[in-house]
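K.L.:
Before we start, here is the structure in question, set down as structure tokens.
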Amino acid sequence: MIMITKEVTVKNRAGLHTRPAAALVKNAAKYKSNFYITKNNMRINGKSIIGVMTLAAAQGTVLTLEFEGEDEEEAARAIVQLFEDGFGEE
Amino acid sequence: MFNYSRMVLAKNDDSSSIPLTTSNGKNGKNEKIFRGIAAAPGISFGLAYVYSQMEVVIRRTDITLGEVESELLLYRQALERSAEELEKIYDLAKEKLGESLAEIFQGHLMMLHDPVLTEAIENRVRGRLNKAEYAVASEFEKYASRLRDSADDLLHERMQDLEDVKNRLIRNLQRKRLTGTIEGGRIIFSRKLTPADTVLFSRHNVLGYVTETGGMTSHAAIISRSLNIPAVVAVPGILNEVNDGDLVIIDGYKGLVYINPSDTHLAECRKKIAEIENIAKKLETLRDLHCETTDGHVVELAANAEFVEEVEYIRQQGADGIGLYRTEHLYLLREEFPSEQEQFLVYHEIAEAMHPRPVIFRVFDIGGDKVLDSSAREGNPFMGWRGIRLLLDQPDIFRAQLRAILRASRGGNVKIMFPMISGLVVLKAAVDFLDGVKEELRHEGVPFDEEIKVGAMIEVPSAVLIADVLAREVDFFSIGTNDLIQYLLAVDRGNELISELYQEFHPAVLHAIRMVIESAHRNNIWVGLCGEMAGNPYATPLLLGMGIDEFSVIPSVLPEIKHIVRSFSFKEAEELARRALDAKTHEEVREWLIPLMHDRFPEFFTTTMT
């Protein structure tokens, strides 16, 4: 088990505001792996709604995601997918 | 029972400022009168309930190693109680206000259960031997300060939410009960009101809300209006003046609060409430009658609406339809654009509930500040990238909304309206865009009303001047007087220094309205008016006489406007309109119009408290 690092871009228009932030956190909670998000030099725990909110990631922001733990691959796949789908918003 | 008091009376005539007066009141106490912003209409009197939010200073208190486990248990119990409270509030909000408003409380629940926060708090109790309430306060503060420093307005709102969650948790740690002890019939005084407070209090037959902070568009004000509870907000310092149990009057029409009212004011208030109830009873008989002059000229009387929950009230008031359905709240309440499907569900529900009466959906009329990064704010957003201008530049947002409206149009009673039309090119672009979206739906085999009518809002002075040109492109006009007057007279009506220059009877305003009506009729389309002026009873005969085809008003004034229309002949209204159009100033019109209306409708206009 090494750490998985992924880069994603926030696609949805409103950025990581209330609803997508909630979706992100809810999904992250399904996995045992630790999950961190870095924006510029701010690193927060991706399982924390308040942390994700304070990131204030607008559309177009590039984020680095780190996953570490027994189910890190599944977690990475699912979370990256969420970003790619724009959190189910168009 | 005080719903009756939503019958609106005369507009604000006096313009004195705070503190208004003090004189001998009840029980030898001095009467004090305060003015704030009238955030939700209605009048009532009752005992004050001073609701002091917890702004407890929490001092650092340490515990011993032996107390750690019991302290953590306390914390977990407080978490549980807080969650239970929030679940209840969520259910209540869903029932009373609908899903989208209730979502705020789902967010609160997630913050409450934030694992990082919870862990940090527990670690503080264990490692630093902090008492739980101090640990909670400090950890929340870490995030709060980060949000406070942010330039993003939306994050400031979120800070409020965070603060609410923290206060709830601390209150439960201190084992204080939820404010369940309010007896019926109180007027709540508070520094501010959270959405949760507003929803919860509404269970206790609250008669009114008075707050020191807030504005017309705060969540609490919106909720208050949709719950039919009078509210006056932005009354600074009122908490220093009012005591629990004081007798108070709240006038949500004028934004006035009377503490220890004089016998005279109390008697006036009682009289006014009684009269309002009387009028309401009388007006109820109008519900199923047409909005028609004595000589048979029929106009449409529609309501302005915002929430699905208002539809029942609007139908009860006898509206012919919804003349302006504002869609912005779908965005504003959650700070992001709802998906096509979410929008469709809302629009469909409204259209169904009103069927077969028409519903005019105005597409998002929001400013660029809602989409742009805070660093790219416009210098003058009011004249900037808003309404149709923004939508045409954001085709994804526009398309999703038009698709949702079109899909909801199957019943044949849906119309679309474009805001901020300033010229032909913009209007044509919007209509073309709509045609493109229709084509898309046809291609996909998605049914919609092929005959759907499209209108332009006339609220920019340039649109008035070229109304003839615009009229050929659409099926109807709706005059948005609130913005039109501001643009026409260059008056920001929110600016107290010049607010008296905001004049509905300014000759330029009246002539602009007449021009639009004439242009519309020359081109065989109908024209409505959906600004506040449509609900100003003094303006009713003038607008009627100028030939307006539809009034769209706040639901509470519907019966009153209908009564006025039904009391005039079209001929007389035309004469009054001519007379008003001949006047040289706003004041000149008021000079004869106001006494005339007072004579004619003493039951409406004498009830205004002085």
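K.L.:
Label-point separation (nm) for B:D432 and B:K88, each offset 7 Å from Cα along Cα-to-Cβ?
P.N.:
5.8
K.L.:
So, one more: If DNA, RNA and ligands are ignored and the probe is 1.4 Å, what is the ranking of B:K438, A:K11 by accessible area, most exposed first? Display every interim value, and only then the final one.
P.N.:
Numbers: B:K438 25, A:K11 110 Å².
These residues rank, largest area first, as A:K11, B:K438.
K.L.:
Follow-up. Let me cross-check B:Y313: its accessible surface, 1.4 Å probe, with only protein heavy atoms counted, in Å² to the nearest 10?
P.N.:
Rounded to the nearest 10, the figure is 50 Å².
K.L.:
Right, another one. Taking the Cα centre as origin and putting +1 on Lys and Arg beta-carbons and -1 on Asp and Glu beta-carbons, what dipole magnitude results for chain B, to the nearest 20 debye? Let's see the in-between values first.
P.N.:
Details: 69 positive and 94 negative charges, 251 e Å.
It comes to approximately 1200 debye.
K.L.:
At 0.36 nm per residue, minus the direct Cα-Cα distance, what do B:H329 and B:I498 gain on full extension? Give it in nm, one decimal, please. The partial results should precede the final answer.
P.N.:
On the way: separation 169, 0.36 × 169 = 60.84 nm, distance 2.86 nm.
Taking 0.36 nm per residue and subtracting the Cα distance, the gain is 58.0 nm.
K.L.:
Within 10 Å of each Cβ in peptide B:336-344, how many partner chain Cβ atoms are there on average? Round it to a whole number, please. Intermediate values should be presented prior to the final figure.
P.N.:
Numbers: counts 11, 5, 2, 4, 2, 2, 1, 0, 0.
That works out to 3 on average.
K.L.:
Also: What's the magnitude of the charge dipole for the range A:4-88 around its Cα centre, counting Lys and Arg as +1 and Asp and Glu as -1 at the beta-carbon? Answer in Debye, nearest 20.
P.N.:
Values: 11 positive and 10 negative charges, 94 e Å.
With Lys and Arg at +1 and Asp and Glu at -1, about 460 debye.
K.L.:
Separate question: Of all accessible surface on the protein assembly as shown at a 1.4 Å probe, what whole percent is carbon and sulfur?
P.N.:
Details: 14450 of 29200 Å².
Percent of accessible area from carbon and sulfur atoms in the protein assembly as shown: 49.
K.L.:
Still on this structure, I have one more. Using a Förster radius of 30 Å, what is the FRET efficiency between B:T61 and A:A29 based on their Cβ-Cβ separation? Nearest 0.05, please. Provide the component values of the computation, followed by the final result.
P.N.:
Details: r = 33 Å, r/R0 = 1.09.
Calculated value: 0.40.
K.L.:
Could you derive backbone 3J(HN,Hα) for the range B:579-586 from the dihedral phi with the Karplus parameters 6.51, -1.76 and 1.60 (θ = phi - 60°), listing whole Hz in sequence and x where the residue is Gly or Pro?
P.N.:
3J(HN,Hα) across the range B:579-586, in whole Hz: 4, 5, 5, 7, 5, 9, 9, 4.
K.L.:
Right, another one. For the pairs B:K32/B:K131; A:K11/B:K142; B:K94/B:K254; B:K131/B:K192, note any where the Cα-Cα span goes beyond 32 Å. Write out the running numbers ahead of the final one.
P.N.:
Numbers: B:K32/B:K131 43 Å; A:K11/B:K142 29 Å; B:K94/B:K254 30 Å; B:K131/B:K192 28 Å.
Distance filter (> 32 Å) returns B:K32/B:K131.
K.L.:
Comparing the chain by itself with all protein chains present, which residues of the range A:54-84 are at least 50 Å² less accessible (probe 1.4 Å)?
P.N.:
A:T54
K.L.:
Another question, then. Provide the percentage of antiparallel DSSP beta bridges, counting only those with both residues in the protein assembly as shown; round to the nearest 5. Numbers along the way, then the final one.
P.N.:
Values: 37 of 76 bridges.
Of the beta bridges lying entirely in the protein assembly as shown, close to 50 percent run antiparallel.
K.L.:
Just by accessible area at a 1.4 angstrom probe, what is the order of B:M354, A:M3 from largest to smallest? Present the calculation step by step, with values, prior to reporting the outcome.
P.N.:
On the way: B:M354 0, A:M3 90 Å².
Descending order: A:M3, B:M354.
K.L.:
Which shape class, rounded, prolate or oblate, goes with the range B:215-368 when its Cα gyration tensor gives a ≥ b ≥ c as root eigenvalues, a/c under 1.5 marks rounded, and past that a/b bigger than b/c marks prolate? Mind dumping the intermediate values first?
P.N.:
Working: a/c = 2.91, a/b = 1.28, b/c = 2.27.
The shape class here is oblate.
K.L.:
Among A:Q59, A:I79, A:I37, which residue has its Cα positioned farthest towards the positive end of the charge dipole of chain A, with +1 placed on the Cβ of Lys and Arg, -1 on the Cβ of Asp and Glu, and the dipole taken about the Cα centre?
P.N.:
A:Q59
K.L.:
A further question on this structure: Please work out the FRET efficiency for the pair B:L72 and A:R43, using the Cβ-Cβ distance as r and a Förster radius of 30 Å; give the result to the nearest 0.05.
P.N.:
0.65
K.L.:
Using a/c under 1.5 as the rounded threshold, could you call the range B:65-173 rounded, prolate or oblate? The axes a ≥ b ≥ c are square roots of the C-alpha gyration tensor eigenvalues, and prolate needs a/b larger than b/c, oblate otherwise.
P.N.:
Numbers: a/c = 3.10, a/b = 1.41, b/c = 2.20.
Note, shape of the range B:65-173 comes out oblate.
K.L.:
Using mean Cβ contacts within 10 Å as the protection proxy, how do B:571-579, B:493-501 order, highest first? Don't skip to the answer; put the middle values down first.
P.N.:
Details: B:571-579: 17.4, B:493-501: 12.1.
Output ranking for B:571-579, B:493-501: B:571-579, B:493-501.
K.L.:
Sticking with this one: Amide H neighbours of B:R410 under 5 Å, at least 5 residues apart or on other chains, H built in the peptide plane: list them.
P.N.:
B:D449
K.L.:
Collect residues whose amide H, placed 1.01 Å from N in the peptide plane, falls under 5 Å from the amide H of B:Y49; neighbours closer than 5 in sequence don't count.
P.N.:
Those qualifying (amide H under 5 Å, at least 5 residues apart or on another chain) are B:I187, B:I188, B:F189, B:G245.
K.L.:
Summarise the partner chain shielding of A:43-51 as one whole number: the mean count of Cβ atoms from other chains within 10 Å of each residue's Cβ.
P.N.:
Numbers: counts 0, 1, 5, 1, 3, 10, 11, 16, 6.
If you average over the peptide's residues, the count of other-chain Cβ atoms is 6.
K.L.:
How about the range A:24-70: which GluC sites (Glu not before Pro) there lie in a loop by DSSP and see at most 12 other Cβ atoms within 10 Å? Walk me through the numbers before you get to the answer.
P.N.:
Working: sites: A:E66, A:E68, A:E70; in loops: A:E70.
Answer in residue order: A:E70.
K.L.:
Convex hull over the Cα atoms of the range B:472-569, averaged projected area in nm²?
P.N.:
That works out to 6.8 nm², a quarter of the Cα hull's surface.
K.L.:
In terms of modelled amide H atoms, which long-range or inter-chain residues lie less than 5 Å from the amide H of A:T61?
P.N.:
It is A:V10, by chain and number.
K.L.:
Using the Karplus equation 6.51 cos²θ - 1.76 cosθ + 1.60 (θ = phi - 60°), what ³J(HN,Hα) coupling, rounded to whole Hz, does each residue of the range B:457-465 give in order, writing x for Gly and Pro?
P.N.:
7, 9, 9, 10, x, 4, 5, 5, 5
K.L.:
If you roll a 1.4 Å probe over the heavy atoms of the protein chains, what accessible area per residue do you get for chain B, in Å²? Walk me through the intermediate numbers first.
P.N.:
Values: 24970 Å² over 610 residues.
Per residue, chain B has 41 Å² of solvent-accessible surface.
K.L.:
Counting only C-alpha contacts under 8 Å and six or more residues apart, can you give the relative contact order of chain B as a whole percent?
P.N.:
Working: 1123 pairs, mean separation 92.3, N = 610.
Here the relative contact order equals 15 percent.
K.L.:
Please label the shape of the protein assembly as shown as rounded, prolate or oblate, based on the square roots a ≥ b ≥ c of the eigenvalues of the alpha-carbon gyration tensor (a/c under 1.5 means rounded; beyond that, a/b larger than b/c means prolate, else oblate). Mind showing how you got there, number by number?
P.N.:
Working: a/c = 2.31, a/b = 1.33, b/c = 1.74.
Oblate shape, in that a/c is at least 1.5 and b/c is the bigger or equal ratio.
K.L.:
Quick one: which of A:32-43, B:229-240, B:476-487 comes out on top by average Cβ neighbours within 10 Å, and what's the full order, highest first?
P.N.:
Numbers: A:32-43: 16.1, B:229-240: 21.4, B:476-487: 23.0.
Result, highest mean Cβ count within 10 Å first: B:476-487, B:229-240, A:32-43.
K.L.:
Okay, moving on. For B:E268, what accessible surface area do you get with a 1.4 Å probe? Give it in Å², rounded to 10.
P.N.:
We get 60 Å² for B:E268.
K.L.:
Under a Cβ-Cβ cut-off of 12 Å, what is the net charge of the residues other than B:A583 that fall near it, where Lys and Arg count +1 and Asp and Glu count -1? Please list the in-between numbers first.
P.N.:
Details: positive: B:R578, B:R579, B:K584, B:R590; negative: B:D582, B:E587, B:E588, B:E591.
Result for the local shell: 0.
K.L.:
A follow-up question, please. Relative to the Cα centre, what is the charge dipole magnitude of the protein assembly as shown, using +1 at the beta carbon of each Lys and Arg, -1 at the beta carbon of each Asp and Glu, and rounding to the nearest 20 debye? Mind dumping the intermediate values first?
P.N.:
Working: 80 positive and 106 negative charges, 279 e Å.
Dipole of the protein assembly as shown, to the nearest 20 debye: 1340 debye.
K.L.:
Please compute the average number of Cβ atoms from other chains found within 10 Å of each residue's Cβ in peptide A:19-26.
P.N.:
Details: counts 8, 1, 3, 6, 0, 0, 4, 1.
The per-residue average across the peptide is 3.
The values are calculated or read from the model by the stated rules, or taken from the named source; none is laboratory data. A quick note: this is a predicted structure, and the numbers were derived from the prediction, not measured. Counting neighbours? That spans all protein chains shown, and the Cβs are built from the backbone with ideal geometry, glycine included. Side chains are part of the model used for accessible areas, which takes the heavy atoms of the whole protein and leaves out ligands, DNA and RNA. Shrake-Rupley method; radii C 1.70, N 1.55, O 1.52, S 1.80 Å.
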